[in-house]
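The values are calculated or read from the model by the stated rules, or taken from the named source; none is laboratory data. Computed from a prediction, not measured in an experiment: that's the story for all the values here. As a convention, Cβ positions derive from the backbone with ideal geometry for all residues, glycine included, and neighbour counts pool all protein chains shown. Surface accessibility is based on the protein's heavy atoms, side chains included, excluding ligands, DNA and RNA. Shrake-Rupley method; radii C 1.70, N 1.55, O 1.52, S 1.80 Å.
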Amino acid sequence: MTELNIKGIVLRRGDEAYEAARRGVVWNGRKPKRYPAIIAKVADEEDVVTAVCYAKANGLKISIRAGGHSWAGWSVRDESLLIDLSAMQEMSLDAATGIAKVNPAVKGGEVLDPFLAENGRFFNGGHCPTVGIGGFLLQGGMGWNCRGWGWAAENVVGVDVVTAAGELVHANANNHSDLYWAARGAGPGFFGVVTNFYLQTWERPKAFVQSTYVFPLSCYEALFTWLQETHSYLSDKIELVALAITPPLPPEIEHEGPALVVHALAFVDTLEEGTAILLPLENCPVLDQALVHVFAAPTSLAEERAEQIRANPEGLRYAVDNAWVTGAPSAVVPALQNSFLTLPTPQSFTLWFSMAPLRELPDMALSLQTEIYFAIYTLWGDEADDAHCRGWLAERMREVEAVSDGLYLGDSDFGERPFKFLANANLQRLEQIRAQYDPNGLFHSYLYAK
Ligand SMILES: Cc1cc2nc3c(=O)[nH]c(=O)nc-3n(C[C@H](O)[C@H](O)[C@H](O)COP(=O)(O)OP(=O)(O)OC[C@H]3O[C@@H](n4cnc5c(N)ncnc54)[C@H](O)[C@@H]3O)c2cc1C
């Protein structure tokens, strides 16, 4: 095979630094047993074009890594040329339009948000600050207050893409509009390398106000039935989540182990506004059983992000799955019960995330959502526990399928459980666009178990 001449770093299987680089592209402590032929740590857009042309000329398929946060390690594919974008970290803001141009490996919370904050601007990036915007936006992007503000990808106004032909094109609503349509929902099945996202930013919310309630597990049925009956009536400025998690509680609260946590975060102009819109949550029928009851306290994105980091520690082994849940509370609440009440390890947690009332989606590849997003994050430290933890997760997801209408790519792993992730018509259209832009399958598509 000829040399791959780029300004960045090229590592081939067998090179000394290869294995550390291969493991390092995946954030999850559970590393895939898949081995790319070449890892190309590109330095700039020109390198990307060179790498794509090289793969094409040498019969290699391409996989891509931006922020490395895909739970399933989508970027690590056998015998591929892995294009690692992590060294590309540029971003800029057009003050006149509020449009930010951002490289895909930029971390949404840790890097992009402080940059936008300096300029008084905001983008609804991912909850955990270390997630790269690349994979996040391509799959839709469940950012802050997805319930009220919609998917982060709805604010992507354009993308620069290196196509399978080795051409750098700009795609937006008027130019390569099919590619632009695909780039908002195709996720890890996208057939090109996005080198820049163009993001419509907004004015920053002025105040963040939160309510937090912690309940014993015994409140499960009453609490989740009430949440499901109530959530669509809450203001759309509120992000509402309910979790089974082991929260850090002060010793004076006599409770050990997992609990049910309801957290409502209002993105508003004033503390008074936040207080008023959070008030309906005080009608919770099990409020008198709350172990912790915080109503309408001022908070900040930094504090909210610190909690995300605490809940998602790096270095552990993760198995994650999710479902778009639908149905009456009498069907949904029992179907989710074991997922909330039988967590297999103290670090694991289960999430109920309100999307109600559902907003209509624009015309883009992303096309599945229901009123409730449900996800399980199974975390453990020792490889010897893999079978137990993965088995527990698989069983729970089987129980949930009865009330599920598909899944979100972001928290999925098709190697474990493939399931419907786009509306049928959208999947069909996506495959037609793929055939047009990548007729010979140069880019890896979705990763299923062999
Ligand atoms: C701790 C943690 C918290 C998370 N929180 C959230 C959250 O709040 N909301 C949410 O929606 N998701 C969340 N996720 C899921 C996360 O958004 C997805 O896993 C996403 O794919 C991560 O993007 P990445 O660029 O970091 O990952 P990568 O592993 O680098 O990318 C995943 C795949 O996306 C594709 N891809 C990425 N960049 C490009 C590109 N430039 N061009 C073409 N294809 C590309 C490739 O197929 C790549 O293999 C979280 C994940 C973790 C680990």
**Request:** May I ask for the angle, rounded to the nearest 10°, between helix 301-311 and the longest principal axis of the chain, with both axes built from Cα atoms and the value confined to 0 to 90°?
**Result:** 90
**Asked** Can you run phi through the Karplus equation (6.51, -1.76, 1.60; θ = phi - 60°) for the range 196-212 and list ³J(HN,Hα) in whole Hz, with x for Gly and Pro?
**Response** 8, 9, 10, 10, 6, 8, 10, 5, 6, x, 8, 9, 10, 10, 10, 10, 9
**Request:** With unit charges on the beta carbon (Lys/Arg positive, Asp/Glu negative), name the residue among ILE372, SER63, THR299 whose Cα is farthest towards the positive pole of the charge dipole of the chain.
**Result:** SER63
**Complete:** DSSP beta bridges in the chain: the antiparallel percent, rounded to 5, is 90
**Request:** Below 22 Å Cα-Cα, how many Lys pairs turn up in the chain? Only count pairs eight or more apart in sequence, or on different chains, if you could.
**Result:** 17
**Prompt:** Assigning unit charges at the beta carbon (Lys, Arg +1; Asp, Glu -1) and nothing else, what dipole magnitude in debye, to the nearest 20, does the chain show about its Cα centre?
**Reply:** 1220
**Prompt:** Expressed as an acute angle from 0 to 90° and rounded to the nearest 10, what is the orientation of the C-alpha long axis of helix 220-230 relative to the principal long axis of the chain?
**Reply:** 80
**Message:** Rounded to whole Å, give me the distance from the Cα center of the range 269-292 to that of the range 75-133.
**Reply:** 34
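Can you give me the % of accessible surface on the chain that is carbon or sulfur? Probe 1.4 Å, all protein chains present, nothing else counted. Walk me through the numbers on the way to the answer.
Working: 9080 of 17720 Å².
Its accessible area is 51 percent carbon and sulfur atoms.
Could you work out Rg/(2.2 N^0.38 Å) for the chain, with Rg from alpha carbons only? Could the numbers behind the result be given before it?
Numbers: Rg = 21.8 Å, N = 450, 2.2 N^0.38 = 22.4 Å.
The chain yields a ratio of 0.97.
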**Request:** Rank these by accessible area, largest first, 1.4 Å probe: HIS176, HIS127.
**Result:** HIS176, HIS127
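In Å², what does the accessible area per residue of the range 80-205 work out to with a 1.4 Å probe? It would help to have the intermediate numbers written out before the result.
On the way: 3590 Å² over 126 residues.
Ligands and nucleic acids excluded, the result is 28 Å² per residue.
Out of all DSSP beta bridges with both ends in the range 58-123, state the antiparallel percent to the nearest 5. Mind showing how you got there, number by number?
Values: 4 of 8 bridges.
So the antiparallel bridges amount to about 50 percent of the total.
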**Nearest 10 degrees, 0 to 90: helix 45-57 Cα axis against the chain principal axis** = 70
**Asked** Which whole number in µm²/s is D for the range 312-424 by Stokes-Einstein, with the Kirkwood Rh taken over Cα pairs at 25 °C and 0.890 mPa s?
**Response** 167
**Message:** I'd like the accessible area for ILE99, computed on protein heavy atoms only with a 1.4 Å probe and all protein chains in place. Round to 10 Å², please.
**Reply:** 50
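Restricting attention to the range 345-436, which GluC sites (Glu not before Pro) occupy a DSSP loop and are surrounded by at most 11 other Cβ atoms within 10 Å? Don't jump to the answer; show the numbers that get you there.
Working: sites: GLU360, GLU371, GLU383, GLU395, GLU399, GLU401, GLU416, GLU431; in loops: GLU360, GLU371, GLU416.
Taking the range 345-436 and a limit of 11 other Cβ atoms within 10 Å, the loop GluC sites (Glu not before Pro) found are GLU360.
What percent do you get for the relative contact order of the chain when only Cα pairs under 8 Å and 6+ apart count? Mind dumping the intermediate values first?
On the way: 997 pairs, mean separation 71.6, N = 450.
Reported relative contact order: 16 percent.
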**Message:** Taking the Cα centroid of the range 5-38 and of the range 409-426, what is the distance between the two, rounded to the nearest whole Å?
**Reply:** 26
**Message:** I need to check one value: relative contact order of the range 207-310, counting alpha carbon pairs closer than 8 Å and at least 6 residues apart, in percent.
**Reply:** 48
**Prompt:** With contacts defined as alpha carbon pairs under 8 Å and 6 or more residues apart, what's the relative contact order of the range 312-424 in percent?
**Reply:** 41
**Prompt:** In the range 9-84, what % of DSSP beta bridges are antiparallel (nearest 5)?
**Reply:** 35
**Complete:** Once all protein chains are kept in place, ARG22 shows an accessible area at probe 1.4 Å, nearest 10 Å², of 10
**GNM flexibility winner over the chain from ALA323, ALA387, ALA165 (Cα, springs under 10 Å)** = ALA387
